[in-house]
Amino acid sequence: MSPDHPLNLFYEEPDPDRWIPFDRHPRRLIRQLVRGPDQPGGAMRVFLNLRAGLDRLGAIYRVNDYRHIRKNPTELACVVGKPQVLAKIPPETPILFGTSIYSHPNDDPELPKRRPIRQVLVPSDWVRDMFAEVWPGRVSVWPVGIDTERWKPDPASSRTVDVLIYDKIFWQRERHERTLLEPLLAELRRRRLNVKVLRYGSYREEELLDLSRHVRSMVYLSRHETQGIAAQQMLASGVPLFVWDEGGQWQDPKYTPHQVQFEPVSSMPYWDERCGVKFSDARGLDAAFEAFWQGVEAGTFAPRDMILQRLGLEDRARAYLKLAGKYA
């Protein structure tokens, strides 16, 4: 986009009324009083990091300026998320849609026929391939950047935790606890390593940031990831990862296997040998962890370099501007 044509960015979290009209407002206030400020999830983190990257580039943009887009409906609306925002955009307005959108196009397969969707953005190659089965020729890959100034190694901090286990196991949890998590914990106990477990959804981002300065390594347990921002934040902090990456079919029970059968997926779509070691199941766990731990002890991994090379905040914001200019 040219400097005299600011981006029209749109992002809102869904917050519908629950019991009576307009009760979302007092519920939001009470929620913040009880829990503190809202914790950014992955979708919101995409929006926040995009804005941070645009700010560093000096790019001009508007946020949720519905009045402007109604007066100028032919300008491009960059709907980062979430999908309910579309109802507030004029029907004739061209849209760059993503990445914080549907889990699968089956949620609204006819959307590109109803609205002028210029392009749909998704975070990684495997998600593009899955979405393209429903929306062929209309899906591009754009991952958001990581704030490598915030997430960086702290030489002054002592790394007192050998292994942080990041537990993001949702589906078939009992089976995976028995076949994966318990053998992993047994191997770590056998090695007498100092271990901490962090369960997805039960921590605040500031806690992960603090841990990034005090852990030597992280085990990442997730069936699949569209981008894996939390993992990338740790990589940017210089923390090598031991990653469960089983591949295979997409597992979301809302869609599969009755609606969608897609493979292969990945739990770490942005990766190279500098980041650590992957394993596919418990059968290869011990040998894979031996190779991983040797690398940790020897300091042979360089995970931050991968993030700086491929997922810098400014570079990814610059790529977004290029896409917006292409589809405006």
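The values are calculated or read from the model by the stated rules, or taken from the named source; none is laboratory data. As the structure is a computational prediction, the values presented were derived from the model and not from experiment. Cβ placement follows ideal geometry from the backbone for every residue including glycine, while neighbour counts extend to all protein chains displayed.
Tabulated results
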| read-out | value |
| --- | --- |
| Conditions (1) modelled with pLDDT of 95 or more; (2) crowded, with 23+ Cβ neighbours inside 10 Å: number failed by residue 100 | (1) |
| Test set (1) within 29 Å of residue 293 (Cβ to Cβ); (2) modelled with pLDDT of 95 or more - residue 262 fails condition number | (1) |
| Selection from the range 214-230 of residues that are of a type outside the set (A, V, I, L, M, F, W, C) and closer than 21 Å to residue 271 by Cα | 216, 217, 220, 222, 223, 224, 225, 226, 227, 228 |
| Some residue of the range 188-196 being under 30 Å from residue 49 (Cβ atoms) and over 20 Å from the mean Cα position of the chain (by Cα) | yes |
| Yes/no for residue 144 being farther than 22 Å from residue 286 by Cα and either modelled with pLDDT of 95 or more or under 16 Å from the mean Cα position of the chain (by Cα) (or both) | yes |
| All positions within the range 160-179 that are under 26 Å from residue 238 (Cβ atoms) and surrounded by 17 or more Cβ atoms within 10 Å (Cβ to Cβ) | 162, 163, 164, 165, 166, 167, 168, 169 |
| Tally, over the range 203-235, of residues that are under 12 Å from residue 152 (Cα atoms), part of a helix (DSSP H, G or I) and touching a residue at least 60 places away in the same chain (Cβ under 8 Å) | 5 |
| Residue 317 within 30 Å of residue 61 (Cα to Cα) and in contact with a Leu (Cβ under 8 Å, 6 or more places away or on another chain) | yes |
| Index of the failed condition, residue 68 passing every other in (1) touching a strand residue (DSSP E or B) at 6+ places or on another chain (Cβ under 9 Å); (2) closer than 17 Å to residue 327 by Cα; (3) surrounded by fewer than 18 Cβ atoms within 10 Å (Cβ to Cβ) | (2) |
| Search result, residues across the range 215-240 that are small (Gly, Ala, Ser) and in contact with a strand residue (DSSP E or B) (Cβ under 6 Å, 6 or more places away or on another chain) | 217, 222, 231, 236 |
| Residue satisfying condition, being over 20 Å from residue 304 (Cα atoms), surrounded by 20 or more Cβ atoms within 10 Å (Cβ to Cβ) and among the β-branched types (Val, Ile, Thr), within set 215, 197, 265 | 265 |
| Residue check, residue 151 assigned by TED's automatic domain parsing to the domain that holds residue 47 and modelled with pLDDT of 95 or more | no |
